[in-house]
Ligand SMILES: *Cc1c(COP(=O)(O)O)cnc(C)c1O
């Protein structure tokens, strides 16, 4: 008799990958280079040094090194929460009555609650190695701030997190968690920076925005000795670190003698989907497989499905290099009733290029359908998913229901990026039916496109 695939399959510690994989080394065409926003010339490593640690600047621009050794010190923390489990969603399959096989890689099993820790640990390590005295960052939904505080707590690096005031009010326990890991949390806008004071003078009652929190974090890093501001998505270096998700998933599926037909990821800045698909995309590029890849984004923040493929800033503060990516314009802010995360204006240049070249498909979904999927999933799989992750769940369910119609037994793999413990107010608005779906009009989007930098 065929051996049954376990519900929960975890590689042994020895089987955990010791290197990150750089998909750019195998892409037929590379994403266009990052540009220096002042000269509009391809940016050099040296020009990135004020912004990134040296090794991270190198990783950002390296398009040829296929594998990067994961430093021992990084592996030491990875081992606390990795390898992450590859789950077979038998219970979801049964609930849907689908012949499809559904797998998910669960990245929510660490205290920060999301995959963001994979890059936070790496970035904190390189900061420590380079002898930086502190780091700063912003956090909106809170996962990135939590992950970085966890990593900085471990390496003993002082961290200041500018947390959007509205989000701190909605998720008070996330703020306390960040403080528990030893970071300072400053609710943004604050009186501690020029940028914050200016906004407070104009709008004393504002609940803040991601853009403002970024400006404050950047100012704090610039005005502090030997300090840097760090980002948790979009960048090539972040996708490199997140490749651990895909490498583990691929190895696990090989051991189970399985091959995914369809791989699905939610897409905010593109880091989890970029990491998950990397080693599978390598095989597709080499013509060995014909896997379908689907990026899922919110209908209220549709950078791939309705954005422009253009050079734009990676941040709302307009300080990063220009990246060619699918973007809604760096000032784009999703409607206030958007609860489901994935609010980023742009998309990883690697994912953007793969999408533009037809290797990846993209779809957008409304948030009430996302939360329908999330609640169903929580009841049958007994894991509370993050709203962001639930975009991928929605798409996986829809593909599985399609299989039910056609009778095809496809193998689906998606990334369950995080747990939803701190997102109860979003669940509450879904359960009490105050959640609504807002889809921006073409006119709304035009405003963002009009302000794209002229390159
Ligand atoms: C940040 C986040 C995302 C989206 O970011 P990507 O860079 O697109 O992966 C998705 N899920 C969770 C739980 C997150 O915290």
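Read the figures in this text as sums done on the coordinates, not as results from a lab. Bear in mind that the values here come from a model prediction, so they are computed numbers and not experimental data. Using ideal geometry, Cβ is built from the backbone for each residue, glycine included, and neighbour counts are taken over all protein chains shown.
Quick look at the numbers
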{"quantity": "Stretch gain in nm, segment residue 5-residue 309, where the contour uses 0.36 nm per residue and the Cα spacing is subtracted", "calculated": "105.3 nm"}
{"quantity": "Cα centroid separation - segment 163-180 against segment 4-75, whole Å", "calculated": "30"}
{"quantity": "Inter-site label distance for residue 184 and residue 133 at 7 Å from Cα along Cβ, in nm", "calculated": "1.2"}
{"quantity": "Two-site label geometry, residue 292 and residue 379: point separation in nm, points 7 Å out along Cα→Cβ", "calculated": "2.7"}
{"quantity": "Per residue convex hull volume, Cα atoms of segment 85-165, in Å³", "calculated": "110"}
{"quantity": "Relative packing of peptides 351-361, 43-53 - highest average C-beta neighbours within 10 Å first", "calculated": "351-361, 43-53"}
{"quantity": "Computed helical MRE - 222 nm, the chain, DSSP H runs ≥ 4 contributing -39500 (n - 2.57), nearest 500", "calculated": "-12500 deg cm²/dmol"}
{"quantity": "Stokes-Einstein D in µm²/s, Kirkwood radius over Cα pairs - the chain at 25 °C with 0.890 mPa s viscosity", "calculated": "112"}
{"quantity": "Kirkwood hydrodynamic radius over Cα pairs of segment 120-176, then Stokes diffusion coefficient at 25 °C and 0.890 mPa s, in µm²/s", "calculated": "214"}
{"quantity": "Alpha-carbon centroid distance for the pair segment 393-455 / segment 188-237, whole angstrom", "calculated": "28"}
{"quantity": "Tail beyond 26 Å, pair distance distribution of segment 110-261 (Cα, percent)", "calculated": "29"}
{"quantity": "Relative contact order (percent, whole number), the chain, Cα cutoff 8 Å, 6+ residue spacing", "calculated": "19"}
{"quantity": "Compactness index (Cα Rg / 2.2 N^0.38 Å), segment 1-142", "calculated": "1.36"}
{"quantity": "Percentage, to the nearest whole number, of Cα pairs in segment 8-51 over 15 Å apart", "calculated": "67"}
{"quantity": "Added length on full extension, which subtracts the Cα-Cα distance from 0.36 nm per residue, residue 25 to residue 447", "calculated": "148.3 nm"}
{"quantity": "Gain in span if fully extended, residue 191 to residue 428, counting 0.36 nm per residue against the direct Cα distance", "calculated": "82.1 nm"}
